[in-house]
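Engineer: Here's a structure for you.
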Amino acid sequence: MTKHNRAKFQPSGKIQFGVFFQGVNSGTIWKAPESGSQTDFESFRRVVQTAERGLFAAFFLGEGLRLREHLGRPHALDVAGRPDAQTMLAALASVTKNIGLVATQNTTYNDPADLAHRLSSLDLISGGRAAWNVVTTDNAWTGANFRRGGYLDHADRYKHAEAFVETAKRIWDSWETPAGPARRVIHSGQHYTVDVTPRLPRSAQYRPVLFQAGDSPEGRDFAARQADVIFSAHPKFDDAVEFRADIVKRSLAAGRAANDVKIMPASEFILAATDVEAREKKEWVRSLQIGPQQAIAYLEQFWGRELSEYDPDGPLPDIDPVVEETSETRGSGFHGAKARQLADQWRAEAKDKGLSIRQFVTSRTARVDATFTGSYSAVADHLAEYARVGAVDGFNISPWLIPTGLDDIVNHLVPELQERGVYPTKYAGSTLRGNLDLPSIAE
Ligand SMILES: Cc1cc2nc3c(=O)[nH]c(=O)nc-3n(C[C@H](O)[C@H](O)[C@H](O)COP(=O)(O)O)c2cc1C
């Protein structure tokens, strides 16, 4: 390819799917009769094998290293329990053949030599299907779990992450080649001092594929320099187009080709035979995602007090929150927001729109931008448009039901996409790097 071509983004005309098996979250219905366990191996096996039947590129596990808290106790309404990703993915490698296995692992509390070795192990036993989703972890209270304690400033977290990833890459690069034996990696920097020799050979895909999730300018630049795939938070069409342009610009600035970094946004699909049925299904899904208890517990996080005397189908609480500032230890995403101000805003908004507590919480927690609702054919048409312009390389799907939540996607949406020529009809190869059409790594 000439320099000119490398600088111009070329849509592949295709999209792929990944599945994000979530742990702690309010988007998965765990209380319906058909819901499986979130920790039994059987749930994971059922999901990964369905995904593989649907030719999904990757199976993805997030990481939550500390349980969220609620009024000083573990958050009872969250789904507590998330088996260690590498252990689970190693087990899943033995019941699958082609699907990629992505482990989210943070750079703030791990060590590069140790993590590089464990990821190499997964990559080897899966025949070149491992990936590492590099995260820095945005929740300070997690630090108390670790001997290092403390936390890093946002910008420092990414500097630290970069040093971590570069060290891991050096280790993976140092295995013996026809030209010579494995080399020692001796490196001393601001963040790491290591003297390490790789203990494992390269896998069929050379080294694990690198995913990145993190959306700040620092996170995006880090991805543009280091990642193969971004797990993005920009699924909506116009937003996805804009995000792609931004990543292409950053990739070129980092000296990489325009097509080097793939993008797979988080998404949710609510599908049925007709648009009307799909919209009805959405109402049903939302009502199960946020039940009366979840609605009250959600508000309690911001009010800092028990609100069990309030009717979930009535108006928002008329009393004020007990704290001026919400605390990070509550584990909410609203660190530092002024609780009273927030309460006033929410009451006004709910009153304005005529929403009960439950309706208000549902409207706040629904993945409005990330949800594709409609008939199989309408959604397939819409996704084909993403493929045509190259807005994304695929979607990382969070099923709202485990373990059967992918069934209608695989049975009905995938064939519609294949008919439109925008979805693979077989796995391109046996490695994740090959299946994602990533550039191979030269010796
Ligand atoms: C789609 C997405 C998924 C993420 N998944 C995880 C996760 O499973 N575990 C985790 O600790 N952080 C996760 N993160 C958080 C990122 O690692 C990062 O720490 C955080 O977003 C702060 O970085 P930022 O300011 O660049 O966004 C995720 C972020 C995004 C956007």
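No lab work stands behind these numbers, since they all come straight from the coordinates. Please read all numbers here as calculations on a predicted model, not as lab measurements. Note that we place each Cβ from the backbone using ideal geometry, even for glycine, and neighbour counts take in every protein chain shown.
Engineer: For the chain, what is the largest minus smallest coordinate of the Cα atoms on each principal axis, given in angstrom and ordered from greatest to least?
Structural biologist: Projected onto its principal axes, the Cα set of the chain covers 73, 53, 43 Å.
Engineer: For the cross-link pairs 236/282; 8/159; 14/236; 8/236; 97/159, which exceed 26 Å when the distance is taken from alpha carbon to alpha carbon?
Structural biologist: Long pairs (Cα-Cα over 26 Å): 8/159; 97/159.
Engineer: Moving on. Taking K and R as +1 and D and E as -1, what net charge do the other residues with C-beta under 13 Å from the C-beta of residue 93 add up to?
Structural biologist: Summing Lys and Arg as +1 and Asp and Glu as -1 gives +1.
Engineer: Which aspartates and glutamates, if any, have their Cα less than 16 Å from the Cα of residue 338, not counting same-chain residues under 8 positions apart?
Structural biologist: 300, 320, 324, 325, 328
Engineer: Moving on. Ranking 276, 379 by Cβ neighbours within 10 Å, fewest first, what do you get?
Structural biologist: Fewest-to-most Cβ neighbours within 10 Å comes out as 276, 379.
Engineer: Post the alpha-carbon centroid distance, segment 204-270 to segment 387-443, in whole angstrom.
Structural biologist: What the calculation gives is 16 Å, centre to centre.
Engineer: Another one. Among 421, 390, 404, whose Cα projects farthest towards the positive end of the dipole of segment 348-443, with charges put on the beta-carbon of Lys, Arg (+1) and Asp, Glu (-1)?
Structural biologist: The one lying farthest along the dipole's positive direction is 404.
Engineer: How long is the gain from residue 313 to residue 369 if the chain were fully straight, where each residue apart is worth 0.36 nm and the alpha carbon distance is subtracted?
Structural biologist: Answer, rounded to one decimal: 17.6 nm.
Engineer: Can you compute the FRET efficiency between residue 121 and residue 8 using 1/(1 + (r/R0)^6), with r the Cβ-Cβ distance and R0 = 35 Å? Round to the nearest 0.05.
Structural biologist: Efficiency at R0 = 35 Å is approximately 0.35.
Engineer: Can you list the residues, at least 5 places off or on another chain, whose amide H is less than 5 Å from the amide H of residue 213, using H built in the peptide plane?
Structural biologist: HN-HN under 5 Å from residue 213: 134, 231.
Engineer: Between 408, 114, 369, which gets the highest mean-square fluctuation from a Gaussian network model of the chain, Cα cutoff 10 Å?
Structural biologist: 114
Engineer: Helix 237-253 versus the longest principal axis of the chain: what angle, 0 to 90°, nearest 10, using Cα atoms?
Structural biologist: Taking Cα atoms only, the helix is inclined about 30 degrees.
Engineer: Still on this structure, I have one more. Please find, in a Gaussian network model of the chain (springs between Cα atoms separated by less than 10 Å), the residue of 267, 43, 232 whose mean-square fluctuation is greatest.
Structural biologist: Highest fluctuation of the listed residues: 43.
Engineer: Return the long-range amide H neighbours of residue 185 (sequence gap of 5 or more, or a different chain), with a cut-off of under 5 Å between placed amide H atoms.
Structural biologist: Counting only residues 5 or more places away or on other chains, the set is 196, 197.
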